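Participant: I'd like to ask some things about the structure below.
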Amino acid sequence: MTGDYKEFLSTLKSKLNIIEVASNYITLEKKSGSYWACCPFHHEKTPSFAINEADQYYHCFGCGESGDVIRFVQSMENLDFGEAVNLLAERAGLTVPNFGYDSKNTVEAKRKKDSILKILNDCAHFYLNNLNSGKADKHIEYILKRRIPSNVVRKFGLGASLDFNSLPAFLLSKGYSRQDMVDSGAVNDVNGRLSDALGERLIFPIINAMDEVVAFGGRKLEKTDFSKYKNTKETLVFNKSKSLYNVNLLKKLKKTQTISNVIMVEGYMDTISLYQAGFKNVVASMGTSLTQEQARLLKRYSDNVLISYDGDAAGQKANMRGLDILTSAGLNVKVVPLTGGLDPDDVIKQLGADEYRRCLDSAMPLIDYKLKTAERGFDLTKTEDKRQYVAEAMKVIKTAESAAVQEDLLKQLRDKTGITYESLKRDLNSTPQEKPPVPDRIERKDAASVQDVASRFVIAAYLFGSKITENEDLKNISFVNGVHSIIAKYICNQKEFGDRIQPSELLEFFDAGTPESAELNAIFDYSDGDKLRGEVAEKYFNDCVKNLKIYAIDADISLVQRQIASQTDLEQRKNLTARLQSLINLKKKIKSGE
């Protein structure tokens, strides 16, 4: 990183407050001089994510993630470093200078991404103009049939593809390359012939949280052997598993009000129908099985999610596939019952917004929904079916988080089956626990050596300004781990020039996701000052320093012993032996505490 660029980043971060930025994504509570929240990067119920406002960095004492305001926005918005810088620069009212230091590959990647976004934006306008051209009769007829008012059509940017050829011709006339057009996903290349990837469909622009068009969905207007709905392919700017339809309007909604819950539906029309009926807190998964990335995206806006998929059997099964993924991300999930096989759009159109609101009010907790779903397909008047149902129900009840919930569910099962509570309780205790869903981020398993653990504590004591370091000069301590040596050098340099030690500066030294960054995160675990205060901490610090010094001397002793063994010159052997004795004496002195 060049000096000019570092200076710009320093200026950028000086104009931002990580507390203000983070508050747009998570709820913070000030406590003991820091701001705390449940970590947005892993599931937890007790806050272990802390932000140090004075030094402008965050650290999670649960999963170990650390970073500054740029890294925070990178993680929350799924952006690369440059994109996060651009976003924050816009927020701070700064223009990112063109330093001209990017590599050839970086420049091409940026050009490609910018070109794709421009192509998709031009496509969106092209489709919109088609819809208003007087030539889109079938598209208008469908919109009127689905009772979508003109203001909602404009709000969602709906458009029309009239054929397969005019879009590629339009984009070529704008000067875009054939390859960039294909790479955008909007255009297909079949044997050298370019065609609209969503030809003759009603177009739904897919817009990300940055208000950028990143893809399109299209609906066929006539019966066909092809899929009724189709999305453009995944590209440099679009990953279906990380996207939610209508997240752009949800983000705008959050800026005006607190979002108590988010309604999750399956598709475009359900989203639009609910939105126009006044349920603006709605997003769609676009038919995909839910992912951890989508769960994290939802969590930015609310901790509560109402799943409102189709009321048919397929829709209910889709519910089950995604619920555990959402709960593993720390979301409180309820399922909205829709009767008669209706989907949300049908409920709104046929029964009205009030009826749908009643459906929302009757949303049931996840475990109750699972228990209800387990009953489907069994005839409880038949002995064999009842036994199979009880076995399935037990697996569900076993996952309850508390004994009180288990007791309540067992009583429900007793009332439904006629089996005594005592028998069900005994069976529950013998039911094997199903494996929990894989968490988003696995908690750390630290296999550090004794020397690394001691080094972390010693380094942290100096880094975070603990008084227990006052009687020991850091320059007298050697570290084997390269990360520890780099941090020690930084601390010594800051002290030598009288500059303030800023732990957040070290975050720029190591790339996120590397072993070096993980080691830095382990040191940040001591940033909670209580671990570096008091007589116990001071004694442990002194023991760690002693052990590190002895470890370094032992390494020197081993080296000198090897040199003596290979040395044939008597004078040299004599000098090395004297050196060896000196090291042995120094080790004894340190051990005795002299």
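The values are calculated or read from the model by the stated rules, or taken from the named source; none is laboratory data. Treat the numbers as computed from the prediction; the structure is a model and nothing was measured. For neighbour counting, all protein chains shown are included, and Cβ atoms are generated from backbone atoms with ideal geometry for every residue, glycine included. Heavy atoms of the whole protein, side chains included, go into the accessibility calculation; ligands, DNA and RNA do not. Shrake-Rupley method; radii C 1.70, N 1.55, O 1.52, S 1.80 Å.
Participant: Enter the Cα centre distance for the pair the stretch 467-503 and the stretch 5-57, rounded to the nearest angstrom.
Facilitator: For the stretch 467-503 versus the stretch 5-57, the Cα centre distance is 25 Å.
Participant: May I ask for the distance between the Cα centers of the stretch 357-436 and the stretch 238-310, given as a whole number of Å?
Facilitator: Result: 30 Å between the Cα centres.
Participant: Give the label of the value calculated from the structure for Cα Rg over 2.2 N^0.38 Å, choosing from (i) 1.77; (ii) 1.65; (iii) 1.24.
Facilitator: Matching entry in (i) 1.77; (ii) 1.65; (iii) 1.24: (iii).
Participant: Assign unit charges at the C-beta atoms only (+1 for Lys and Arg, -1 for Asp and Glu), then state the dipole size of the chain relative to its Cα centre in Debye, rounded to the nearest 20. All intermediate terms of the calculation are to be shown ahead of the outcome.
Facilitator: On the way: 83 positive and 81 negative charges, 108 e Å.
Charge dipole of the chain: 520 debye, to the nearest 20.
Participant: Counting only C-alpha contacts under 8 Å and six or more residues apart, can you give the relative contact order of the chain as a whole percent? The partial results should precede the final answer.
Facilitator: Details: 784 pairs, mean separation 57.5, N = 594.
Relative contact order, the chain: 10 percent.
Participant: Would you work out which of Gln581, Tyr526, Val536 lies farthest towards the positive end of the dipole of the stretch 512-594, given +1 charges on the beta-carbon of Lys and Arg and -1 on that of Asp and Glu, about the Cα centre?
Facilitator: Gln581
Participant: Counting only protein heavy atoms, what percent of the accessible surface of the stretch 456-525 is carbon or sulfur at a 1.4 Å probe? Walk me through the numbers on the way to the answer.
Facilitator: On the way: 1540 of 3380 Å².
About 45 percent, which is the carbon plus sulfur part of the accessible surface.
Participant: Using Cα positions and a limit of under 19 Å, work out the lysines in reach of Lys31, with same-chain residues fewer than 8 apart set aside.
Facilitator: List returned: Lys45, Lys531.
Participant: Please give the net charge around Val483, taking every other residue with its beta carbon less than 13 angstrom from that of Val483, where Lys and Arg add +1 and Asp and Glu add -1. Walk me through the numbers before you get to the answer.
Facilitator: Numbers: positive: Arg456, Lys489; negative: Asp452, Asp511, Glu516, Glu519.
In short, -2.
Participant: Does the stretch 207-365 come out rounded, prolate or oblate by the C-alpha gyration tensor, with a ≥ b ≥ c the root eigenvalues, rounded set by a/c under 1.5 and, if not, prolate when a/b is larger than b/c and oblate if not? Can you show the working numbers first?
Facilitator: Working: a/c = 1.34, a/b = 1.05, b/c = 1.27.
It comes out rounded by the Cα gyration axes.
Participant: Also, quick follow-up: Enter the Cα centre distance for the pair the stretch 507-586 and the stretch 166-199, rounded to the nearest angstrom.
Facilitator: 62
Participant: Is there a pair in Lys370/Lys411; Lys6/Lys252; Lys155/Lys254; Lys228/Lys334; Lys251/Lys334 whose C-alpha atoms are over 26 Å apart, and which pairs would that be?
Facilitator: Pairs exceeding 26 Å: Lys6/Lys252; Lys228/Lys334.
Participant: Using a 1.4 angstrom probe on the protein heavy atoms only, line up Asp415, Asp4 by accessible area, largest first. It would help to have the intermediate numbers written out before the result.
Facilitator: Working: Asp415 115, Asp4 80 Å².
These residues rank, largest area first, as Asp415, Asp4.
Participant: While we're looking at this one, here's another question. Can you tell me what share of the DSSP beta bridges in the chain is antiparallel? A percent to the nearest 5 is fine.
Facilitator: Working: 31 of 41 bridges.
If we restrict to bridges inside the chain, about 75 percent are antiparallel.
Participant: Compute, for Arg357, the solvent-accessible surface of its heavy atoms (probe 1.4 Å) with the complete set of protein chains present, and express it in square angstrom to the nearest 10.
Facilitator: 110
Participant: How big is the accessible area of Val190 in square angstrom, nearest 10, if you roll a 1.4 angstrom probe over the protein chains?
Facilitator: 90
Participant: Sticking with this structure for a sec: Can you order the peptides 124-130, 86-92 by their average number of other Cβ atoms within 10 Å per residue, highest first?
Facilitator: Most protected by this proxy first, the peptides run 124-130, 86-92.
Participant: At a 1.4 Å probe radius, carbon and sulfur cover how many percent of the accessible area of the stretch 100-236? Don't skip to the answer; put the middle values down first.
Facilitator: Working: 3770 of 7540 Å².
Carbon and sulfur atoms account for 50 percent of the accessible area of the stretch 100-236.
Participant: While we're here: Tell me, what is the 1.4 Å probe accessible area of Lys280, in Å² to the nearest 10?
Facilitator: 90
Participant: A further question on this structure: Using Cα pairs under 8 angstrom and six or more residues apart, how large is the relative contact order of the stretch 25-163, in percent?
Facilitator: On the way: 113 pairs, mean separation 15.2, N = 139.
In percent, rounded to a whole number, it is 11.
Participant: Accessible area per residue of the stretch 485-548 at 1.4 Å probe, in Å²? If you can, show how the numbers build up before the last one.
Facilitator: Values: 3500 Å² over 64 residues.
Computed with neighbouring chains in place, this is 55 Å² per residue.
Participant: Right, here's the next one. Accessible area per residue of the stretch 351-411 at 1.4 Å probe, in Å²?
Facilitator: 57
Participant: A further question follows. Over 21 Å between Cα atoms, which of Lys135/Lys349; Lys230/Lys280; Lys539/Lys591; Lys145/Lys240 qualify?
Facilitator: Values: Lys135/Lys349 27 Å; Lys230/Lys280 24 Å; Lys539/Lys591 14 Å; Lys145/Lys240 29 Å.
In this structure, Lys135/Lys349; Lys230/Lys280; Lys145/Lys240 exceed 21 Å between Cα atoms.
Participant: Another question, if that's okay. Okay, helix-only estimate at 222 nm for the chain: each DSSP H run of n ≥ 4 adds -39500 (n - 2.57), divide by all residues, round to 500 deg cm²/dmol; what do you get?
Facilitator: -15500 deg cm²/dmol
Participant: What dipole magnitude, in Debye to the nearest 20, does the stretch 16-131 give about its Cα centre under +1 on Lys/Arg Cβ and -1 on Asp/Glu Cβ? Write down the numbers at each step before the final one.
Facilitator: Working: 11 positive and 15 negative charges, 42 e Å.
That gives the stretch 16-131 a dipole magnitude of about 200 debye.
Participant: Helices from the chain with mean Kyte-Doolittle at least -1.0 and a Cα length along the axis of 18 Å or more, per DSSP H: which?
Facilitator: Details: long enough: 104-131 (41 Å, -0.61); 313-328 (24 Å, -0.11); 383-398 (22 Å, -0.86); 403-417 (21 Å, -0.75); 450-463 (20 Å, 1.11); 482-496 (21 Å, -0.13); 534-566 (49 Å, -0.05); 570-592 (33 Å, -0.80).
Long hydrophobic helices here: 104-131, 313-328, 383-398, 403-417, 450-463, 482-496, 534-566, 570-592.
Participant: Provide the per residue accessible area, probe 1.4 Å, for the stretch 124-170, rounded to a whole number of square angstrom. Don't jump to the answer; show the numbers that get you there.
Facilitator: On the way: 2630 Å² over 47 residues.
Spelled out: the 1.4 Å probe surface of the stretch 124-170, per residue, equals 56 Å².
Participant: Another one. Using the Cα centre as the reference, give the magnitude of the dipole from point charges on the C-beta atoms of the stretch 131-236 (Lys, Arg: +1; Asp, Glu: -1; all else neutral), rounded to the nearest 20 debye. Don't skip to the end; give the middle numbers.
Facilitator: On the way: 17 positive and 13 negative charges, 105 e Å.
The calculated dipole for the stretch 131-236 is roughly 500 debye.
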